[in-house]
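Below is one structure, written out as structure tokens; comments come after it.
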Amino acid sequence: MRKKAISRILALVVPVLLSLNSQAFATSVQGESPVTGSAVEAIHAAPSTVAAPAAEAAAGHAEVAAAHGEAAHGEEKPGDLIMHHILDSHTFVFEPFGEVHLPHLEIAGFDISITKHVVMLWIAAILLIIIASAAGAAAKKMSAKDAPKGVANLLESLVDFIANDVARPNIGHGYERFMPYLLSVFFFILLCNLLGLIPYSATATGNINVTLTLSIFTFIVTQFSAFKAQGVKGYLQHLTAGTHWALWIIMVPIEVLGQFTKPFALTIRLFANMTAGHIIILSLFFISFILKSYIVAVAVSIPFAIFIYLLELFVAFLQAYVFTMLSALFIGLATAHSDGHDGHELEASGHH
Amino acid sequence: MLTSGIILLEGGLLNPNPGLIFWTALTFLIVLIILRKTAWGPIVSMLEERAKGIQSAIDRAHTAKDEAEAILKKNRETLAMADAEADKIIREAKEVADKVRNELTEKAQEESRKMIASAKDEIEQEKRRALDVLRNEVADMAVKGAEKIIRTTLDAEKQKAVVNDMIKEMASSRN
């Protein structure tokens with residue numbers, strides 16, 4: 001049984017491998033670089049059509065190729081194209097139809113241009129405001145007896161999930177104050193993640209600047225709530241981790257560093273997860289272009305890319321949840337630190 | 001491949017971009033401020049209200065159940081009490097009836113006994129009277145007979161002895 005399966009796989013793989021240099025499966029002529037580029041380029045529109053005009057492809061990618069200094073070779077590397085998709089840029093490329101150039105802005109020496117990711121952030125923000133406000137209006141009108149329905153119902157179940165399964169267990173008493181922040185972060189990240197899965201769009205949360213900013217918000221909320229809950233004295237005591245004063249020279253830097261590793265972890269986790277999925281999908285497509293084979297495209301690239309795409313849908317929810325959950329956890333650690341090493345004073349002062 | 005790894009590092013994945021940071025912060029803050037008012041406040045308060053409503057409904061259901069159970073218990077007690085009462089009443093009635101019956105039968109027996117006794121007395125008296133009458137009659141008849149005999153036949157003394165004997169015989173046979 002197993003032997004049969006292996007022989008079948010071999011029967012599939014061997015022609016694929018043989019087609020590597022076969023002219024029958026390849027579309028381009030060896031050595032004519034612009035056409036090869038167009039074949040690779042066509043992935044933007046649809047991975048299975050390999051007949052995009054070479055002129056358009058060359059126009060669309062002149063900028064990227066120049067930026068990476070690869071233009072000298074005359075042939076674009078798949079890596080460049082992947083990076084072009086992942087990275088922020090000033091143009092929105094709708095491949096066969098054309099492209100939209102976004103304005104450059106500069107204020108006080110800072111480049112605050114409206115880039116692709118900024119546009120995606122705005123789309124996410126507008127969508128979120130429309131959907132959530134509609135749900136909020138529905139919630140306002142609703143009495144306690146009415147059953148929820150429609151968008152309000154969907155949003156409500158997620159809000160309830162964030163409230164009762166994320167905020168309450170992690171923050172505990174007084175979690176209601178942080179609910180607006182946690183809910184906004186969750187839905188904003190979720191929408192950015194999901195919008196990134198739509199063709200022609202970009203994943204704003206796959207940009208480290210975006211995730212960094214979001215985790216800085218968590219950091220600020222965490223630090224402020226820690227100050228508010230423990231006071232300056234309690235906050236500084238917390239930095240010593242309740243150890244003997246002789247150990248402070250070691251403990252204080254570690255604890256201070258610990259404050260910054262949390263948002264750093266948040267930043268990298270979200271950024272890397274969102275970027276990795278897209279790189280995997282694009283890489284799977286490029287396998288078929290590198291090997292110049294239809295068989296690889298049909299048998300490997302497309303099925304695997306669909307699988308990764310579905311996984312990405314799950315990851316979009318998962319990472320939004322993880323970011324929110326960890327934010328709640330950090331806030332909880334900062335505010336209600338009564339079960340840790342320095343909990344005795346708090347217990348004595350009737351905190352719990 | 002090594003080249004693609006180098007491209008990933010060179011490509012600016014980790015490049016800082018102050019403009020994007022600025023726009024992200026601004027966008028997120030606006031979203032936070034707007035949604036805090038229009039969405040999260042109403043939704044969270046509505047959820048809390050509903051949770052409270054459900055809790056109160058559960059509480060009310062519990063109290064209603066307790067009340068129903070109490071009423072049921074009370075009903076059962078009342079029923080049991082009524083049963084006991086009915087039993088008692090029946091028993092008492094039976095006792096009373098028994099008593100009355102016994103009394104009545106006793107009375108009747110007494111009455112009948114009395115009646116029998118009085119009847120016996122009467123009979124005795126009547127008998128005695130009848131005997132007396134009979135005795136007098138017999139004596140008269142005897143005297144008359146004797147008169148006849150005396151007149152016709154024998155002397156008086158012999159006659160007297162005969163009469164006495166007769167009387168004695170009668171007296172002894174009376175009882």
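The values are calculated or read from the model by the stated rules, or taken from the named source; none is laboratory data. Remember, it's a predicted structure, so these values are computed and weren't measured experimentally. When we count neighbours, we look across all protein chains shown, and the Cβ atoms used for this are built from the backbone with ideal geometry, even at glycine. Note: accessible area is taken over every heavy atom of the protein model, side chains too, but ligands, DNA and RNA are not part of it. Shrake-Rupley method; radii C 1.70, N 1.55, O 1.52, S 1.80 Å.
What is the calculated FRET efficiency for residue A:107 to residue B:14, with r their C-beta to C-beta distance and R₀ = 30 Å, to the nearest 0.05? It would help to have the intermediate numbers written out before the result.
Working: r = 24 Å, r/R0 = 0.81.
In this case the efficiency is close to 0.80.
Using only helices, what value at 222 nm comes out for chain B when you add -39,500 (n - 2.57) per DSSP H run of length 4 or more and divide by the total residues, to the nearest 500 deg cm²/dmol?
-33500 deg cm²/dmol
Full-extension gain between residue B:104 and residue B:144, please, as 0.36 nm times their residue separation minus the C-alpha to C-alpha distance. Please report the intermediate quantities before stating the final value.
Values: separation 40, 0.36 × 40 = 14.40 nm, distance 5.76 nm.
Extra length from residue B:104 to residue B:144 when fully extended: 8.6 nm.
Excluding ligands, DNA and RNA, what is the accessible area buried between chains B and A, summed over both sides, using a 1.4 Å probe, to the nearest 100 Å²?
Chain pair B/A: roughly 3900 Å² of buried accessible area.
Quote the FRET efficiency, to the nearest 0.05, computed for residue A:252 versus residue A:5 with a Förster distance R0 of 45 Å and r equal to the Cβ-Cβ distance.
0.15
What figure, in Å² to the nearest 10, do you get for the accessible area of residue A:243 with a 1.4 Å probe and non-protein molecules left out?
50
Name the residue, out of B:164, B:17, B:102, whose mean-square fluctuation peaks in a Gaussian network model built on chain B with Cα pairs under 10 Å.
B:17
Given the options B:117, B:64, B:142, state which has the largest fluctuation in a GNM of chain B using a 10 Å cut-off (strictly under) for Cα springs.
Looking only at B:117, B:64, B:142, the largest GNM fluctuation is found for B:142.
Subtract the Cα-Cα distance of residue B:135 and residue B:161 from 0.36 nm times their separation in residues, and report this length gain in nm to one decimal.
Numbers: separation 26, 0.36 × 26 = 9.36 nm, distance 1.81 nm.
Additional length available on full extension: 7.5 nm.
Less than 15 Å Cβ to Cβ from residue B:18, Lys/Arg counted +1 and Asp/Glu -1: what total charge do the surrounding residues give? Let's see the in-between values first.
Details: positive: none; negative: A:88, A:106, A:111.
The answer is -3.
Taking all pairs of distinct Cα atoms, average 1/r, flip it, and tell me the Kirkwood hydrodynamic radius of the range B:56-126 in Å to one decimal place.
17.5
What is the sum of charges around residue B:59, taking Lys and Arg as +1, Asp and Glu as -1, for the other residues whose C-beta is under 14 Å from the C-beta of residue B:59?
Spelling it out: positives minus negatives among the neighbours equals +1.
Extending each Cα 7 Å along its Cβ direction at residue B:173 and residue B:78, get the distance between those two points in nm, one decimal.
9.0
By a straight-distance test (C-alpha under 25 Å), which lysines pair with residue B:74 as possible cross-link partners, with residues fewer than eight away in the same chain excluded?
Straight-distance partners of residue B:74: B:65, B:88.
For residue B:107, which lysines qualify as cross-link partners when the Cα separation must be under 24 Å and same-chain residues fewer than eight apart are set aside?
B:94, B:99, B:120
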